[in-house]
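The values are calculated or read from the model by the stated rules, or taken from the named source; none is laboratory data. Keep in mind the model is a prediction, meaning the values are calculated, not measured. Here Cβ is always computed from backbone atoms with ideal geometry, including for glycine, and neighbour counts include all displayed protein chains. For the accessible areas, the whole protein counts, side chains as well, though only heavy atoms, and no ligand, DNA or RNA atoms are used. Shrake-Rupley method; radii C 1.70, N 1.55, O 1.52, S 1.80 Å.
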Amino acid sequence: MEQRPADYPELMDYQPTRFMLPTSHYDQAHADRAVRFIENLKHTKGKWAGTPFWLLPWQERIIRDVFGVVDANGYRQFRTAYVEIPKKNYRVVHVHRNVFAKKLIELLENPKAICATV
């Protein structure tokens, strides 16, 4: 795995979401796996072709909350995430790579992902 550039912003002082149920806990291994998977993806077209998808801190926080908060059986607490991202903020790239990651990471029998951008 390639290293992030030294000047790239990092997620600092991460705290799991305040919406975590009392029956759930934060599993760093699950969250790290999702972040690692996404950051191993590479752009395929344009001037960024061949470079990794480095997550910005706000993107990494979403991924860690969605994939890292699990119940006692290890299943994700959040199975659906609604995220609004304003135009010109990596919206399409963020949504598409997260749907792709979900499809490959999830071990559910019938995974479903819906993606929409306007």
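Things to note:
- Stretchable slack from Trp58 to Arg18, in nm (0.36 nm times residue separation minus alpha-carbon distance): 12.8 nm
- Between Ala49 and Leu11, the contour length at 0.36 nm per residue exceeds the Cα-Cα span by 11.2 nm.
- Where labels lie 7 Å past Cα in the beta-carbon direction, separation of Tyr82 and Arg33 in nm: 2.9 nm
- 1.4 Å probe accessible area per residue over region 12-59, in Å²: 69 Å²
- Peptides 19-25, 29-35, 59-65, 80-86 ranked from most to least packed by the mean count of surrounding Cβ atoms within 10 Å: 59-65, 29-35, 19-25, 80-86.
- For region 6-75, the relative contact order comes to 46 percent (Cα pairs under 8 Å, sequence separation of at least 6).
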